[in-house]
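Structure, as structure tokens:
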Amino acid sequence: TSINNPQDILVELHTEQGPELPTAQLDIGIVTHIVGITRLKMTFEGTCNHSGTTPMSLRQDALVMAAQAIVKTQQIADQIAEEAARSQHYFVATCGKISNFPNAINVVPGSCELILDIRTTDNQYAELFRQQMEAMLTKLSHKAEQVTMEIISQTAPVTLDPALVDLCESLANRRNISSKRMPSGAGHDAAFMAEIAKTVMLFIPSIQGISHNPLEFSTKESIQIGANQVGSLIFELAQANDSL
């Protein structure tokens, strides 16, 4: 593998934060892409009313509308994830935050806000998701006072250095370390460093894919394999630098 200017390189070792490596019983993940992240805000405006005196046929329940959007999020995301996988890309979408007003047990909800987290290695899939959700919201709009959707933030996906990815895979094979190429569904500092240096990331397994949690755990053996893999990569790059 040819690496030019090996001094301008970042290597990051991290836990996977997901279940793929332990499920497949693999030692190392070699990261090819870091996802771009799009955040969408959807707002549903209905009519607040007494839960006991408002007939079902006369309600504009904002939370019910939002619930339909959440279910549709899952359905559309499943379809786009399959389409992305066929092109060797990655896509996920999650509704992780609901703000319901007035959030009282005896009041028909009059307003509801959803925040969606969309992650992909190619933003064409984020745009496809946005378009399909927008079409769904148009169908819901006749039931509401107002339905809106807006992008509140968006970052671009990052492709890590292909030559470094190839070298990591070659080293793993030479050392009889089981590995797979994979995207990172989480954001990392490496995504920003890739703008100024050739960058690669290696993952070690997180038991049961748990992260950012007191139960997060990686075995000493996994940590040792990861550290040795990074050491082998640095040694290889140092030798390449000496030969220039």
Kirkwood-based Rg/Rh on the Cα set of the range 48-180 evaluates to 1.18
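What share of the DSSP beta bridges in the chain is antiparallel, in percent to the nearest 5? Show your work: numbers first, answer last.
On the way: 35 of 47 bridges.
Taking every DSSP beta bridge within the chain, about 75 percent pair in antiparallel fashion.
Quick one: dipole size for the chain, taken about the Cα centre, charges +1 on Lys/Arg Cβ and -1 on Asp/Glu Cβ, in debye to the nearest 20. Walk me through the intermediate numbers first.
Values: 16 positive and 26 negative charges, 126 e Å.
Dipole of the chain, to the nearest 20 debye: 600 debye.
Output the relative contact order of the range 181-244, whole-number percent, from Cα pairs under 8 angstrom with separation of 6+ residues. Can you show the working numbers first?
Details: 23 pairs, mean separation 13.2, N = 64.
Worked out over the range 181-244, it gives 21 percent.
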Residue-by-residue Karplus 3J(HN,Hα) for the range 94-101, coefficients 6.51, -1.76, 1.60, Hz, glycine and proline x:
9, 8, x, 9, 10, 10, 10, 10
Roll a 1.4 Å probe over the protein heavy atoms and report the accessible area of residue 78 in Å², nearest 10.
80
May I ask you to give the solvent-accessible area per residue for the range 57-201, in square angstrom, as obtained with a 1.4 angstrom probe?
54
Could you run the Karplus curve 6.51 cos²θ - 1.76 cosθ + 1.60 with θ = phi - 60° over the range 110-117 and give me ³J(HN,Hα) per residue in whole Hz, x for Gly and Pro?
x, 8, 8, 10, 10, 10, 10, 10
If you consider only alpha-carbon coordinates, what radius of gyration and Dmax does the chain have, in Å?
23.0, 83
Rounded to the nearest 10 Å², what accessible area does residue 95 have for a 1.4 Å probe in the complete protein model?
40
Just reorder 199, 159 by solvent-accessible area, largest first, 1.4 Å probe, all chains present.
159, 199
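Report the percentage of all Cα-Cα pairs in the range 5-74 whose separation exceeds 18 Å, rounded to a whole percent.
More than 18 Å apart: 68 percent of the Cα pairs in the range 5-74.
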Could you derive backbone 3J(HN,Hα) for the range 185-191 from the dihedral phi with the Karplus parameters 6.51, -1.76 and 1.60 (θ = phi - 60°), listing whole Hz in sequence and x where the residue is Gly or Pro?
x, 9, x, 8, 4, 4, 4
Give the residue from 147, 176, 229 lying farthest towards the positive end of the charge dipole for the range 93-244; charges sit on Cβ (+1 for Lys and Arg, -1 for Asp and Glu) and the dipole is referred to the Cα centre.
176
Can you list the residues, at least 5 places off or on another chain, whose amide H is less than 5 Å from the amide H of residue 145, using H built in the peptide plane?
45, 46
For residue 199, residues with placed amide H under 5 Å, excluding near neighbours:
10, 161
Considering only the other residues whose Cβ falls under 11 Å of the Cβ of residue 111, what net charge follows from Lys and Arg at +1 and Asp and Glu at -1?
-4
Hey, what angle do you get for helix 162-174 against the long axis of the chain, alpha-carbon based, 0 to 90 degrees rounded to 10?
60
Could you sort 130, 174 by accessible area so the largest value comes first, with the probe set to 1.4 Å?
174, 130
Roughly to the nearest percent, how much of the accessible area of the range 1-150 is carbon and sulfur, given a 1.4 Å probe?
48
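The values are calculated or read from the model by the stated rules, or taken from the named source; none is laboratory data. Only a predicted model underlies this, so the values are computations on that prediction, with no experimental measurement involved. In this analysis, Cβ positions are derived from the backbone assuming ideal geometry, glycine residues included, and neighbour counts consider all displayed protein chains. Each accessible area value is taken on the protein alone, full model and side chains, heavy atoms only, with ligands, DNA and RNA left out. Shrake-Rupley method; radii C 1.70, N 1.55, O 1.52, S 1.80 Å.
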